[in-house]
Each structure stands twice: as C-alpha cells, then as structure tokens.
Amino acid sequence: MINFDYKNPTRIIFGKGTIVQTGSVIKEYGGTRVLLHFGGGSIKGNGVYDEVTKSLKAAGIEIVELGGVQPNPRLSLVREGIKICREKNVDFILAVGGGSVIDSAKAIGVGASYEGDVWDFYAAGKVPQKTLPVGTVLTIAAAGSEMSWSSVITNDDGALKRPLDAQIIYPVFSVLDPETTYSLPAYQTGCGIADMFVHVFERYFTAVKNVDLTDRLCEAIMKTIVNNAKRVLDAPGDYNARAEIMWAGSLAHNNLVGTGRIGDFASHMIEHELSGFNDVAHGAGLAVIVPNWMKFVYRHDLPRFVQFAVRVFDVEQDFHNPDETALRGIKAMRDFFSSIGMPATLAEIGIHEKDFGAIAGKVKKFDEVKGTVGNFRPLGPADVEEILKLAK
Ligand code: NZQ
Ligand code: ZN
C-alpha cells in the first residue's frame with residue numbers, strides 16, 4: 001500500500017423523501033440566491049423540479065434558473081452560467097440532475113470566482129483557488145460527480161472533452177433519493193451502471209501491491225452492482241435495488257476504494273475522446289472499450305485478472321490454465337455489459353476505423369514525456385489504436 005491523504009468533504013443526505021430538506025440545507029451553507037441548474041427537462045416530467053422549488057421557496061431562497069445542460073456538458077453553457085452568476089450575485093449553485101448537470105455546475109462555480117477563462121482549468125492545468133459552493137440533488141446513479149472532485153466539460157470548439165480534478169470542487173452536500181431514478185429509461189440506467197462499475201474497475205487494476213483491504217472493498221461494490229443491476233432493469237420501481245445502486249455509484253467514485261493504490265483510468269481517457277468525438281453516452285463508450293482494454297493488457301498481470309474473474313464473476317479457477325480463467329473473466333465482463341443493454345462495438349456507437357488514428361492521438365496523456373496514458377499498463381497512441389481496432 002502506498003501513502004495517501006484522503007478527505008471527502010461531501011455531506012450525503014440519503015433516502016426517500018429527502019428532497020424536502022434541500023432549501024434548509026442550502027441555508028446552512030449561507031445560500032440566499034441560488035442558481036438552479038438542470039438538464040433537458042426530465043426533472044419537470046418526474047416531479048423533481050416541483051419538489052426542489054417548493055423546498056427552496058419554503059426556505060425563503062431566491063431562485064435564478066439555468067436549464068438546458070446536455071449530456072457531455074458544453075463549455076458554452078458554462079460560460080452563460082458564469083455570466084448569470086455575476087450579473088445576479090448568485091451565492092450558491094444547486095445542480096439538479098446527473099453527472100452532466102453537476103459537472104457543469106462545478107465549472108460555473110470555479111469560473112464565476114476567477115477573472116480569467118474557465119477553460120484554463122480544464123485545458124491548461126491551472127488549479128482553481130475559489131468556487132461558489134455547489135450542492136446537488138442527484139437523479140441518476142452513474143458518474144459519481146455528486147461526491148467526486150472531478151468535472152468533465154466538452155469544449156464545443158474542437159470537440160475536446162477534458163477533466164478537471166480539484167479539492168475545492170467537491171459538492172458541499174448531495175441529496176440522494178433513489179425514487180428520483182425510477183423515471184430513468186432502461187438505457188440510461190444501463191449506462192449509469194456501466195460507468196459506476198468501471199469507476200471501481202479502473203481502481204482495481206493497479207500496479208501497486210499489497211492492497212488487500214481496498215481489493216476487497218472494490219470487489220464488494222462490483223458484486224453489489226452486478227447483483228442489483230438486473231433487479232432495477234426488471235423492476236424500475238424496486239426501491240431497495242435502486243438504493244443499492246445509487247449508493248454504490250457514489251462509493252464507486254468518492255475515492256475511498258482508491259486509497260493506498262494508483263488506479264489505471266486509461267479506459268476513461270479513451271472514452272472521453274469517444275464522447276467528445278461523437279456525443280456517445282459515457283457509460284456506453286466505456287462498455288465498448290473496457291473488455292478490449294482487458295484483452296490487450298491481461299498478460300501484463302495475469303494473477304490480478306484471474307483474481308478479478310474468480311472473485312467478481314465467480315469464474316471457476318483453472319489452476320493449470322490461468323490464461324483460460326482470465327479470458328473467462330473478460331467474457332463475463334462483456335456478457336454483463338450486454339445484459340444491461342450496452343453496445344459491444346465502436347461501429348454500434350457510430351465510430352469507424354478511419355477515425356481511430358485521430359482519436360488515439362487526442363487522448364489526454366498522463367505522462368507527457370513518455371506520451372502515455374494509464375497507470376496499470378501505460379499505453380502509447382499506437383497501443384490505444386490497437387485497442388480501438390479490437391473494439392471495432
Ligand atoms: O437532461 P435531462 O432531461 O435531465 O435527461 C438526462 C440525460 O438525458 C437523463 N436523466 C437524468 N436523470 C433522469 C433522466 N431521465 C429520466 N429520469 C431521471 N431521473 O439522463 C441523461 C444522461 O444524464 P447525464 O447527466 O449526462 O448522465 P451521467 O450522470 O451519466 O453523467 C455523464 C457525464 O458525467 C461525466 C461523463 O463524462 C459525462 O459527461 N463524468 C463525470 C465524472 C465526475 N465528475 O466525477 C466522472 C465520470 O467518469 C464521468 O466522466
Ligand atoms: Zn466514468
């Protein structure tokens with residue numbers, strides 16, 4: 001295990017009927033004039049908008065609205081939000097929606113507190129020093145942004161999708177009512193499940209040795225996700241299954257299971273370029289990349305792939321043929337993604353071989369000198385292109 005410095009400051013208010021607390025909790029954090037930020041309208045259809053605005057009004061909070069966040073949230077709307085916050089003296093941002101809305105809110109928060117251009121934080125590696133406080137009411141279990149230090153924004157100009165990781169952008173609180181997720185279309189539920197699974201998976205595949213406790217925590221979350229995925233897809237109104245999935249989504253990405261180890265995250269970086277390139281749903285893109293990343297790298301640390309197969313997917317271990325056990329684990333991974341309605345090939349998500357070189361060239365590098373991405377098995381652009389070819 002390696003040294004770590006861990007703090008997750010986000011307060012979680014979890015369960016049925018908790019949205020009613022939103023207004024009074026915002027007041028605890030000093031909010032009086034709130035930017036209510038949301039997406040394309042699902043919250044108006046499922047009653048969440050009404051519940052939230054009622055709670056804010058009951059607490060005497062002034063509301064300034066900005067809806068219209070698209071999946072793969074755009075820089076242009078972030079800039080509009082920053083302008084509104086300045087003009088209306090907004091002192092708190094409430095994101096009501098999924099990862100896209102929350103990430104957009106985080107970007108507005110740091111952008112409104114900075115004199116330069118907010119894109120500096122995403123493209124130029126500048127570290128934000130101040131933010132407006134951000135709270136969230138989560139409506140889809142997926143990205144984990146409700147409890148993460150990340151925000152991922154797409155620059156409309158050049159279709160570049162870039163992450164920002166910073167201590168100050170953790171939301172101050174997140175309200176998680178599993179009932180808000182009943183209205184999700186099955187495909188969105190599936191995309192969310194794929195994403196949260198991969199958040200744990202990327203941390204699981206580490207080159208750091210002696211990480212037994214976090215291995216076991218990762219396995220518990222991955223197994224819980226697999227066990228409850230079918231239940232929520234079969235019965236979208238199953239509260240207990242929705243609750244397990246919702247809390248798993250936050251625990252998958254609040255980095256507790258990443259303590260003392262270094263995760264890989266190459267699949268995420270490759271996927272961000274697919275989303276930026278063709279507006280692919282993030283979870284769907286991951287489901288295409290991950291099994292092919294596995295095929296490409298599994299021999300790099302065969303025992304870890306065997307452990308994954310046996311402990312997460314209950315593959316029977318073939319002691320004479322570890323390769324076979326690992327390959328069965330990769331197949332189980334692929335089958336799981338298919339069982340939740342996720343695509344298997346790049347062609348299915350509209351990405352074709354002629355674009356592979358360009359996509360591989362754009363992937364954000366972790367090591368600028370070596371030009372590689374990923375930590376478990378660092379990959380150069382040619383390796384990324386091979387993975388894209390396996391996934392075609
Ligand atoms: O826009 P509306 O109308 O609300 O519809 C949304 C959207 O179309 C819909 N939806 C959400 N809740 C719903 C609902 N529909 C019906 N009922 C509900 N209760 O779902 C669609 C997808 O929403 P989105 O917010 O895009 O989903 P998700 O939470 O998966 O977020 C994806 C974004 O998060 C980023 C991804 O890259 C992507 O841009 N990520 C953010 C991370 C972070 N900040 O820590 C980490 C992740 O790895 C990820 O990269
Ligand atoms: Zn993700």
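Here are the numbers:
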| quantity | calculated |
| --- | --- |
| Test: residue in segment 226-244 that is buried (at least 17 other Cβ atoms within 10 Å of the Cβ) and under 15 Å from the mean Cα position of the chain (by Cα) | no |
| Residues that are small (Gly, Ala, Ser) and either in a loop (DSSP other than H, G, I, E, B) or closer than 15 Å to residue 195 by Cβ (or both), drawn from segment 240-258 | 248, 249, 250, 252 |
| Among the candidates 216, 261, residue that is among the basic types (Lys, Arg) and open to solvent by less than 60 Å² (accessible area, probe 1.4 Å) | 261 |
| Given (1) closer than 21 Å to residue 247 by Cβ; (2) touching a helix residue (DSSP H, G or I) at 6+ places or on another chain (Cβ under 7 Å), index of the condition residue 25 fails | (2) |
| Residue identified as assigned by TED's automatic domain parsing to the domain that holds residue 293 and within 10 Å of ligand 1 (Cβ to nearest atom) among 207, 194 | 194 |
| Residue check for residue 237: part of a helix (DSSP H, G or I) and either assigned by TED's automatic domain parsing to the domain that holds residue 341 or without any contact (Cβ under 8 Å) to a residue 24 or more places away in the chain (or both) | no |
| Unique match (being assigned by TED's automatic domain parsing to the domain that holds residue 218, assigned to a helix (DSSP H, G or I) and more than 16 Å from ligand 2 (Cβ to nearest atom)) among 287, 326, 344 | 326 |
| Residue within segment 6-29 that is more than 16 Å from residue 93 (Cβ to Cβ), acidic (Asp, Glu) and either over 23 Å from the mean Cα position of the chain (by Cα) or in a strand (DSSP E or B) (or both) present | no |
| Residue match in segment 93-111 (condition: away from ligand 2 (no atom under 16 Å from the Cβ), touching a helix residue (DSSP H, G or I) at 6+ places or on another chain (Cβ under 8 Å) and assigned to a loop (DSSP other than H, G, I, E, B)) | no |
| Residue match in segment 120-137 (condition: aromatic (Phe, Trp, Tyr) and more than 21 Å from residue 13 (Cβ to Cβ)) | yes |
| Any hit, segment 64-85, residues being in contact with a Lys or Arg (Cβ under 6 Å, 6 or more places away or on another chain) and outside any helix (DSSP H, G or I) | yes |
| Residue in segment 313-327 that is charged (D, E, K, R), in contact (Cβ under 8 Å) with a residue 40 or more places away in the chain and farther than 18 Å from residue 268 by Cα present | no |
| Residue count, segment 142-161 (criterion: open to solvent by 10 Å² or more (accessible area, probe 1.4 Å), within 10 Å of ligand 1 (Cβ to nearest atom), farther than 13 Å from residue 100 by Cβ and in a loop (DSSP other than H, G, I, E, B)) | 1 |
| Residues located in segment 71-86, provided they are without any contact (Cβ under 8 Å) to a residue 40 or more places away in the chain and in contact with a helix residue (DSSP H, G or I) (Cβ under 8 Å, 6 or more places away or on another chain) | 77, 79, 82 |
| Tally, over segment 259-284, of residues that are among the hydrophobic types (A, V, I, L, M, F, W, C) and part of a loop (DSSP other than H, G, I, E, B) | 4 |
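The values are calculated or read from the model by the stated rules, or taken from the named source; none is laboratory data. What you are looking at is a predicted structure, and each value in this text was computed from that prediction instead of being measured. Here Cβ is always computed from backbone atoms with ideal geometry, including for glycine, and neighbour counts include all displayed protein chains. Please note that ligands, DNA and RNA were not included when accessible areas were found on the heavy atoms of the full protein model with its side chains. Shrake-Rupley method; radii C 1.70, N 1.55, O 1.52, S 1.80 Å.
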